Amino acid sequence: MAGDETSKPREKRKYEFSEHLQVVVGSEKKHFIVHKDVITCRSPFFAAASAERWNNSGDVKPIELPDEDPKIFSTYLQWLYHAEVVVEDKPNNEFSELIKAYIMADKFGDLTCANAIADEIIRSGIIHNCIPTVSDIHTAFEDTPDGSPLRKLLVDFWMFEADDEAFSTRSEFLPYTFLATFFRRHNEVQKGRLSQTVMQVYGASVSQQGKCAYHRHDASHPACGA
């Protein structure tokens, strides 16, 4: 279930609903009003941005996100208030929106949301029996750092789920960073198969890798089941 990062219930917290933040998103400057306590406790980005929202005259400045997509920000707010990852339920569009939502959550430092979206990407691939497009991969690899769990997930989709024809006909259009990660990952899996020191073997399904394989964790976001 999207939003269920671990087997434990989400930690209860009493929110303060009296203060709001105004967020202006996209080139069209779409305005959103968000409860300050709800978003700042989940996102270090907004916690820092809200501390800088006062100008010299004492007026409250909106937080501006001109390079973000209002539609994807709405997806993030859906998660924030309802712990649900909801995007357009069409195979290609769903993958694309989920990847963009993951990138946004990662930028905001909301690891719980990013991890839930990673689970939803896996679920979407299983349900629709499809893999991320070349365009999806370019989006992900342009906007995530080396070592990102999202990169690993998309590489594994192509390594474990794509057929030979898909790779042979589209590989020339894939970004170099994807191909480098693909072959590095392939070598890791092959070594694991030979040494029998890891459970991942070539030909396994992404869904068999375990959710935590594609999650980020830190002191505030312990490993699943921990």
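Fully extending the segment from GLU19 to ARG170, taken as 0.36 nm per residue of separation minus the present Cα-Cα distance, adds 49.4 nm. Applied to the range 144-157, the Karplus parametrisation 6.51 cos²θ - 1.76 cosθ + 1.60 on θ = phi - 60° returns per-residue 3J(HN,Hα) values of 10, x, 4, x, 4, x, 5, 4, 4, 5, 5, 4, 5, 4 Hz, with x for Gly and Pro.
Each peptide in 13-19, 141-147 was scored by the mean count of other Cβ atoms within 10 Å over its residues; highest first, the order is 141-147, 13-19. In terms of packing, defined here as the mean over residues of other Cβ atoms within 10 angstrom, the peptides 109-118, 128-137, 176-185 line up highest first as 109-118, 128-137, 176-185.
Once both labels are positioned 7 Å from their Cα atoms along Cα-to-Cβ, the gap between ASP89 and THR133 label points is 2.1 nm. The reciprocal of the average 1/r between distinct C-alpha atoms defines the Kirkwood hydrodynamic radius, which for the range 69-108 equals 10.0 Å.
Every read-out reported here was derived from the displayed coordinates using simple, explicitly stated rules and does not represent laboratory data. Note that the coordinates shown come from a computational prediction; the quantities given were computed from them, not determined experimentally. Every residue, glycine as well, gets a Cβ built from its backbone with ideal geometry; the counts of neighbours run over all protein chains shown.
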